[in-house]
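I have placed the structure first, in the form of structure tokens, so that the comments after it can refer back to it.
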Amino acid sequence: MRRNEEVALLLDNIAELLMLKNENPYRIRAYTTAAQNIRALDEDIEELARQGKLDEIPGVGKAIAAKIEEYLRTGRLEYYEQLKREVPLQAVDLLEVPGIGPARAHLLYEQLGITTIQDLLQAAQEHKLRKLPGFGEKLEERIAREAARLMQRSKRLLLGIALPVAEEVVAALRPHAAIRAIDPAGSLRRMKETIGDIDILVASDDPPAVVDAFVHLPFVKEVLAVGPTRPSILTREDLQVDLRVVRPHEYGSALLYFTGSKEHNIALRSFVQERGWKLSEYGLFDETGKLLASETEHEIYALLGMDWIPPELRENRGEIEAAREHRLPILVEQRDIRGDLHVHTDWSDGHEPLERMCEAARARGYEYLVISDHSPSLTVARGLSIERLREQRERIRELNERLAPFRILQGAEVNILSDGTLDYPDEILAELDLVIVSVHSAFDMPQERMTERVIRALANPHVDILGHPTGRLLTSRLPYEIDLDAVLDAAAHYGVAIEVNGQPDRLDLPDIWVQRAINRGILIACTSDAHSTRQLDNMRWSVATARRGWAEPRHVLNTRSLEELRTWLATHHRGAPAHRT
DNA sequence: GCCGTTTTCGGCCCGACTGTTTTCAGTCG
């Protein structure tokens, strides 16, 4: 399999250990940059190593190339082992405590032997920290507070939870007379799958009025800070929302800055700096310090000779070069989606009847809807027997007459059994309009077997879409062990589409892999995996994830009309027929 | 540790805040 991720992880670990040693920050950055570029790489790193081309990877020079080569050849890296002997790896946890960075972490484990957050809390409570050089009473108190909070912290927020809360705040404030512009910023605006903080940016000439309105919103449970331009509240759902108020003429540069990502900002500013100019949250300035632009993001990018970069792409994965060369993708939008391809009803584990799901899909302007209830072996989800599947088909036929020209297709989400065979026989699969195959059982298989299992399923000529390919659940389950590169190669070979499942805790395929799938010519299926009419809205998160993977409408299967979809279904699979007579 | 149409050395994004100091290091976003 490809070992790019493995190598990237190694380099990230080295960077963290170097941080704990309080090493030169630029040396640390060299490792994280190299790791990032290796993750974004389309080629196999082992292949590059064989060809002696490792130092052609941006950010990889002689030293890092030699380390990668040693690791790939021997399976270990002496330099890394050495570092681990010098610095306890678990002490990297200390860096998560707000107020503790490389220097203080170094001091803590070096002077007091502290390596865990629990140790840290105890030492703070025993007033051992205030004696350290550069520490004092206040810092000790803060660290105690933050460490205690971290030990009972909630995980990162799902995009699908955080963005609706942010939008509620935005909608409540927007009509206010003092507010000229307001947007969610940060990872929320970039539609990242999980969010650290909810940040909202406001343009106003009267910051105090805005702050006052914000802290008095009806759903505010607690006011955490009331700075003149940076108030912070806790909503009744216990989510922290930070507001920042800036002057209208600085809104563009502030929005650019607060949207990030950090990596995008650094790369953009390096580019600016090479021209002798300067970019900050206050604007773009020339060599004499004269303000060139600050009011809108568009102006700033334009002065740099770039197209405006959609926030979803601002991850320093090639978007800056693409913007300069005017070859940014025209990203897929929700309004491009003509139908949903993965929906459950109360025939299996959905919560609402077939009729209501279809009517709701039609009401939101779709041309078609694929009903894809579970197959029999998923008993917990009341998977459909062959008889019930045929019974459902009759109901769909009746509904199609009533709801025309809206069209319901009968599909199924068919389990990939542990040997890679499917949960309905081929003649039943042949009767279905669309077949999604997914892994729902036997998750903890060795990687090789899991990979073979899924690839075998893709070879079945009745298969149209591979569902949630990694199986991850963002809050609760790691992806199963699978060689996704091999799976994508197989999907490309057979002409099978790959799902981007829109359930907020799935978002599976993940964004980086969407890009890799597209580069292989694989079609993406944006789906809601709705189990209720409300969850049809999950399509939004699927489209957002596809956008983060640089997907254009032409890369997405369900931007096609019903007729185009049918043509594709009839012709796309390049495998041999399953049974011949 | 990387990198180079001003460079193989001397840079590496920028500004604000906090708390510890007494002019600044460390952290954060």
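The values are calculated or read from the model by the stated rules, or taken from the named source; none is laboratory data. No experiment lies behind these values; they were computed from the predicted model shown. When we count neighbours, we look across all protein chains shown, and the Cβ atoms used for this are built from the backbone with ideal geometry, even at glycine. Heavy atoms of the whole protein, side chains included, go into the accessibility calculation; ligands, DNA and RNA do not. Shrake-Rupley method; radii C 1.70, N 1.55, O 1.52, S 1.80 Å.
At 7 Å along the Cα-to-beta-carbon direction for both A:LEU403 and A:ARG236, put a label point, then send me their distance in nm to one decimal.
3.4 nm
Hand me the trypsin sites (Lys or Arg not before Pro) from the stretch A:60-114 located in a DSSP loop with no more than 16 other Cβ atoms within 10 Å, in residue order please.
For trypsin sites (Lys or Arg not before Pro) across the stretch A:60-114 that sit outside H, G, I, E and B with at most 16 neighbouring Cβ atoms in 10 Å, the list reads A:ARG76.
Could you work out the Kirkwood radius for the stretch A:334-571, taking every pair of different alpha carbons, averaging 1/r and inverting it, reported in Å?
Evaluated on the stretch A:334-571, it is 17.4 Å.
Which Rg and Dmax, in Å, describe the Cα atoms of the stretch A:251-324?
Every Cα atom of the stretch A:251-324 included, Rg and Dmax give 10.9, 33 Å.
Computed FRET efficiency, Cβ-Cβ of A:GLU448 and A:LYS278, R0 51 Å: what is it to the nearest 0.05?
So, using R0 = 51 Å, E works out to roughly 0.45.
Considering all alpha-carbon pairs of the stretch A:4-86, what whole percent are spaced by more than 21 angstrom?
Across the stretch A:4-86, Cα pairs with separations above 21 Å total 21 percent.
Provide, for q = 0.20, 0.23 Å⁻¹, the log10 of I(q)/I(0) from a solvent-free Debye sum over equal Cα point scatterers in the stretch A:458-581.
Normalising to I(0) and taking log10 leaves -1.14, -1.40.
Excluding same-chain residues fewer than 8 positions from A:LYS53, which lysines have a Cα within less than 30 Å of its Cα?
Of all the lysines, those that pass the test against A:LYS53 - Cα under 30 Å, at least 8 places apart if same chain - are A:LYS62, A:LYS67, A:LYS84, A:LYS262.
Please report, in debye to the nearest 20, how large the charge dipole of the stretch A:1-73 is about its Cα centre when each Lys and Arg carries +1 at its beta carbon and each Asp and Glu carries -1 there.
So the dipole magnitude of the stretch A:1-73 works out to roughly 280 debye.
For the stretch A:281-385, what does the accessible surface come to per residue with a 1.4 Å probe? Please give it in Å².
I get 43 Å² per residue for this part.
Compute the separation of the alpha-carbon centres of the stretch A:200-263 and the stretch A:542-564 and state it in Å as a whole number.
34 Å
Given the convex hull over the Cα atoms of chain A, what projected area results after averaging over all orientations, in nm²?
Averaged projected area of chain A's Cα convex hull equals 30.5 nm².
Return the ratio Rg/(2.2 N^0.38 Å) for the stretch A:154-236, where Rg is computed over Cα atoms only.
This ratio for the stretch A:154-236 stands at 1.06.
Taking 0.36 nm per residue of sequence separation and subtracting the Cα-Cα distance, how much length would be gained by fully extending the chain between A:VAL226 and A:HIS298, in nm to one decimal?
Result for the pair: 22.8 nm of gain on full extension.
With viscosity set to 0.890 mPa s at 25 °C, what whole-number translational diffusion coefficient in µm²/s follows for the stretch A:89-151 from Stokes-Einstein and a Kirkwood radius over Cα pairs?
Once the numbers are plugged in, D ends up at 221 µm²/s.
On a full-extension model of 0.36 nm per residue, what is the gain between A:GLU321 and A:ASP349, subtracting their alpha-carbon distance, rounded to one decimal in nm?
Between A:GLU321 and A:ASP349, full extension yields 5.5 nm more.
Gain in length, A:ASP42 to A:ALA172, computed as 0.36 nm per residue apart minus the alpha-carbon separation, to one decimal in nm?
42.4 nm
What is the P(r) of the stretch A:421-511, as percent of Cα-Cα pairs per 10 Å bin from 0?
17, 50, 30, 3
With a cap of 14 neighbouring Cβ atoms within 10 Å, and only residues DSSP puts in a loop, list the GluC sites (Glu not before Pro) found in the stretch A:353-437.
Loop-located and lightly packed - none at all.
How far is the Cα center of the stretch A:99-142 from the Cα center of the stretch A:28-98, in Å?
The stretch A:99-142 and the stretch A:28-98 have Cα centres spaced 30 Å from each other.
Once each part is reduced to its C-alpha centroid, what is the distance from the stretch A:400-454 to the stretch A:320-342 in angstrom?
If we compute the Cα centre of each part, the gap is 28 Å.
How about the stretch A:128-236: which chymotrypsin sites (Phe, Trp or Tyr not before Pro) there lie in a loop by DSSP and see at most 11 other Cβ atoms within 10 Å?
Within the stretch A:128-236, no chymotrypsin sites (Phe, Trp or Tyr not before Pro) qualify (loop, at most 11 other Cβ atoms within 10 Å).
Measure nothing but the geometry: give the 0 to 90° angle between the long axis through the Cα atoms of A:447-459 and the longest principal axis through the Cα atoms of chain A, rounded to 10°.
For helix A:447-459, the angle is close to 40 degrees.
Measure nothing fancy, just the Cα-based angle from helix A:562-571's long axis to the longest principal axis of chain A, in degrees from 0 to 90, nearest 10.
80 degrees
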